[in-house]
């Protein structure tokens, strides 16, 4: 496979075929994210993409899922993206689901009918970084979108039949807006009603503006207790009709896997026990991105 730069994919795509069709991220301005810093956004040429699909046809016959890398594959022009999906379908007929990252910019560029066509062509799940439902926090982290647009674009994807996995970040609002961030994120998640929510706990990397702000004392990192308090408020304010809320990423202090609404009360009780010191938390040295 012809990979350029660092390759990133969601944890749930760990065993998927990773087909890189773009490099970098077209936004690449979020203050907390260092994933694509120094990488220029580009769309790879068709010859390279098709060669990688041919390689996968020979060497990836035991993998039934495929993920389109990097951070902005959905932004490809519709006909070009459909041609790639057609090649995957023709040459990798055993692939049952294709996933991609999606942001509000790329979703907005597609009509509802185009999204339905992409779903019919194989895209089964999209991963969207909400981070926060609090507009002030979204502005502070330079997300490039507000809560209302997040809701509209999330609903647009779901209406097209594409499953949606949303990432939120504990601690991203700092201490002053922590509880506001938690409540507003719960509100936005409830409005979108995705199939999956993944909560990560903020960990700063040196190549980001937020890391520098923290070093200057301008951005406080929350303690493990404050992170859990934030998570409890967020889950209490999140009402999904039939979705999973997971906080089992390597960055989290307390692994949580909950089906909402069924497991909400039990999950809140678990967090309360952890806050009371009755359940152990992951030590700092075991946390990771």
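How high is the relative contact order of the range 11-277, given as a whole-number percent (alpha carbon pairs under 8 Å, six or more residues apart)?
This gives 15 percent for the range 11-277.
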Which residues among the range 1-31 fall inside the zone where the amide N is under 20 Å from a point 7 Å beyond the Cα of residue 257, along Cα→Cβ? 10-16
Stokes-Einstein D for the range 1-80 (20 °C, 1.002 mPa s, Kirkwood Rh from Cα pairs), in µm²/s, comes to 160 µm²/s
Please compute the Kirkwood hydrodynamic radius of the chain from all pairs of different C-alpha atoms, in Å with one decimal. 19.7 Å
Cα axis of helix 264-275 to longest principal axis of the chain: angle in degrees, 0 to 90, nearest 10? 60 degrees
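How much length would be gained if the chain were fully extended between residue 79 and residue 207, taking 0.36 nm per residue of separation minus their Cα-Cα distance, in nm to one decimal?
42.5 nm
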Quickly estimate the mean residue ellipticity at 222 nm for the chain, helices only: each DSSP H run with n ≥ 4 gives -39500 (n - 2.57), and the total goes over all residues, rounded to 500. -11500 deg cm²/dmol
How far is helix 178-192 tilted off the main Cα axis of the chain, in degrees rounded to 10, range 0 to 90? 40 degrees
So the FRET efficiency between residue 269 and residue 142, C-beta based with R0 = 25 Å and rounded to 0.05, is 0.10
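Every number in this text was worked out from the coordinates using simple rules, so none of it is lab data. Predicted model only: the values in this text are computed from it and were never measured. Note that we place each Cβ from the backbone using ideal geometry, even for glycine, and neighbour counts take in every protein chain shown.
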